[in-house]
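Down below is the structure, laid out as structure tokens.
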Amino acid sequence: MMNNKTKKMIYSILKNILSWIISLIMLIPLFLIIINAFKSDAEAMTMSLKLPTEWVFTNFAVVIEKGKLLTSFFNSMLYACSATLITVFLAAMAAYVFSRRSGKGNQALYMYMVLGIVIPINYVALMKVMQITHLNNTSIGIILLYVAVQLPFMVFLIYGFVGKVPVELDEAAVIDGCGPGRLFFKIVLPMLKPAMVTAGVLCFLNDWNEFVMPLYFLNSSTKWPMTLAVYNFFGQFQKSWNLICADILLTCAPVIIMYLVCQKYIVGGQTAGAVKG
């Protein structure tokens, strides 16, 4: 009979093997895209996992030129970076007020804000609003839409962090003659840095991968982000799988790099923020 220690070791080994198998299965699509991005047009038609007989690096140059990826890249950076900065800044201020003022009115307003996470978007009404405000097909309009969509979850995320900041710091600062603005920007905001980094990374990833809103509210192809550029490129070169894979890889690369670099902030920040919310 096996003792408990041996059983635990075998169970741990089996669990690790199962985790590796599931991880490898999930990585197959990414590996398939990477491999076929370096194949010739004829060789990529089969979309197999075989390594290319000849590595074709010119696929990326063709994609950048014909897919207008440089313009789309800068558009995506403009939309995602601008929306992320505005969202995180507004979410930090809102979360601080909601956390410190625990009255029924503020709590009701906080719950109303958080409901934005689950309430579906009415695109018909939203299109009418965008037309009336003359924000349709504008960079400012799409940035404001990104902010409106991401703000509820970011307020919810940062709210948990604000609750961990001792109220005594606020009281001591007020006694020393610190005003509301200086209290928030000089004392509270630096302590929210882990939360804001976490919120910023998640917000950037969501904004970068957004597809539906640019499709509905950006009519000019010169203002399209990379997600729409890939969609348009697929329509033009749907038989050239090597170019399509290269296009997808170039689009996903910034997101993958950012996630790998900031992964510890995302995991650590979400764990710390889950203490109170």
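What the table shows:
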read-out	value
Compactness of the range 1-76, expressed as Rg and Dmax over alpha-carbon positions, Å	21.2, 67
Within straight-line cross-link reach of Lys7, lysines at Cα separation under 22 Å, skipping those fewer than 8 residues along the same chain	Lys15
Surface accessible to a 1.4 Å probe, Leu126 within the full protein complex, Å²	40
Scaled radius of gyration (Cα, divided by 2.2 N^0.38 Å) that the range 98-146 gives	1.54
Principal axes of the range 124-240: Cα extent on each, largest first, Å	67, 37, 22
Most to least packed among 238-246, 117-125 [average Cβ atoms within 10 Å]	238-246, 117-125
Accessible area of the chain divided out per residue, in Å², using a probe of 1.4 angstrom	60
Cα gyration tensor category, rounded, prolate or oblate, for the range 1-155 with a/c compared to 1.5	oblate
Highest-first arrangement of 190-203, 25-38, 56-69, where packing means the average Cβ count within 10 Å	190-203, 56-69, 25-38
The chain: most fluctuating residue of Ser72, Ser82, Ser19 per GNM, C-alpha cutoff 10 Å	Ser19
Relative contact order [Cα under 8 Å, 6+ residues apart], the chain, whole percent	32
Theoretical FRET efficiency, 1/(1+(r/R0)^6), r = Cβ-Cβ of Ile119 and Met9, R0 51 Å, to 0.05	0.60
Overall form of the range 189-259 per C-alpha gyration tensor (a/c, 1.5; a/b vs b/c)	oblate
Proximal lysines to Lys223, defined as alpha-carbon separation beneath 28 angstrom and excluding residues fewer than eight positions away on the same chain	Lys66, Lys68, Lys128, Lys239
Heavy-atom accessible area order for Trp55, Trp208, largest first, 1.4 Å probe	Trp55, Trp208
Apportionment of accessible area to carbon and sulfur, the range 196-238, percent (1.4 Å)	56
Cα shape, the chain, gyration tensor, a/c 1.5 rule	oblate
Straight-distance crosslink candidates among lysines, where the alpha carbon sits under 29 Å from Lys8 and sequence neighbours closer than 8 are dropped	Lys264
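The values are calculated or read from the model by the stated rules, or taken from the named source; none is laboratory data. No experiment lies behind these values; they were computed from the predicted model shown. Counting neighbours? That spans all protein chains shown, and the Cβs are built from the backbone with ideal geometry, glycine included. Just so you know, the surface numbers come from the protein's heavy atoms only, side chains and all, with ligands and any DNA or RNA stripped out. Shrake-Rupley method; radii C 1.70, N 1.55, O 1.52, S 1.80 Å.
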